[in-house]
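Asker: The structure is given below, and queries will be raised subsequently.
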Amino acid sequence: MIALLLTVVCSSSIALILKDNHTRDGNPLLLLAGNYFIASLISFGFVLADKKAMLSTETFIFGTLLASLFVSTFFAFAKAVGAAGTALATVSSRLSVIVPLLLSIMIYHEKPTVYQLAGIVLTFITIILFYFSLRNESSKKLRFIDYFYLLAVLIGIGLNDFCMKVFQQWRPEVEKSYFIFIIFFAATIYTFSVIFVKNAFRSAMELIKVLQ
């Protein structure tokens with residue numbers, strides 16, 4: 001119950017922070033970099049605290065690859081908040097639970113319970129109502145790219161959750177702390193790399209204009 005409450009508080013706080021950043025015309029990449037940097041420091045603390053922690057090549061590669069999906073999904077979430085608003089972006093992230101559930105049924109052949117089946121049905125109903133509510137929204141006209149960001153959030157978060165399940169089924173528990181650290185640390189490197197490349201490109205373009 002405490003974990004659920006913390007999840008709700010953290011996810012809602014992230015959406016509000018991203019919305020405030022968009023309102024102030026801030027750089028979402030800086031927020032992403034700061035978020036993953038702090039997360040990597042915290043996760044590294046868990047690595048140090050876990051005396052049985054181990055790391056394999058498979059976990060390292062899987063973590064670095066998954067980090068790119070984390071960054072892409074977080075960036076899509078930031079774009080969705082700015083384009084469609086905090087409420088719609090949050091609803092899209094909540095609906096992502098359908099992705100790992102369906103993938104678990106198809107790949108791991110898990111049999112859903114009655115409650116899970118009811119959840120799937122309610123999720124599809126929610127998606128339909130969600131779609132019509134967007135169409136009937138008169139105060140905000142969403143573009144195709146805005147729908148794309150909302151869909152990217154739904155699929156991206158769902159795939160992130162499913163990949164965590166894949167790790168739990170595939171790798172031993174003693175590698176989990178390293179796995180989490182690698183995800184956040186690699187995501188930090190990816191984000192700062194994008195910022196560096198964008199700034200270098202902008203500086204190069206400005207230099208070309210000056211020389212012309």
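Where a number appears in this text, it was derived from the coordinates with a stated rule and is not lab data. Note that this is a predicted model, so its numbers are computed, not measured. Here Cβ is always computed from backbone atoms with ideal geometry, including for glycine, and neighbour counts include all displayed protein chains.
Asker: Per residue, how big is the convex hull around the C-alpha atoms of the stretch 61-212? Give it to me in cubic angstrom, could you?
Answerer: Each residue corresponds to 150 Å³ of Cα convex hull volume.
Asker: Sort 194-203, 41-50, 76-85 by packing, meaning the average of other beta carbons within 10 Å per residue, with the highest value first.
Answerer: So the peptides 194-203, 41-50, 76-85, ranked by packing, come out 76-85, 41-50, 194-203.
Asker: Hey, another quick one. Got the relative contact order for the stretch 64-209 handy, in percent, Cα pairs under 8 Å and 6 or more residues apart?
Answerer: Result for the stretch 64-209 is 47 percent.
Asker: Taking the Cα-to-Cβ direction at Trp170 and at Leu48 and moving 7 Å from each Cα, how far apart do the two end points lie in nm?
Answerer: Placing both labels 7 Å along Cα→Cβ, they lie 3.0 nm apart.
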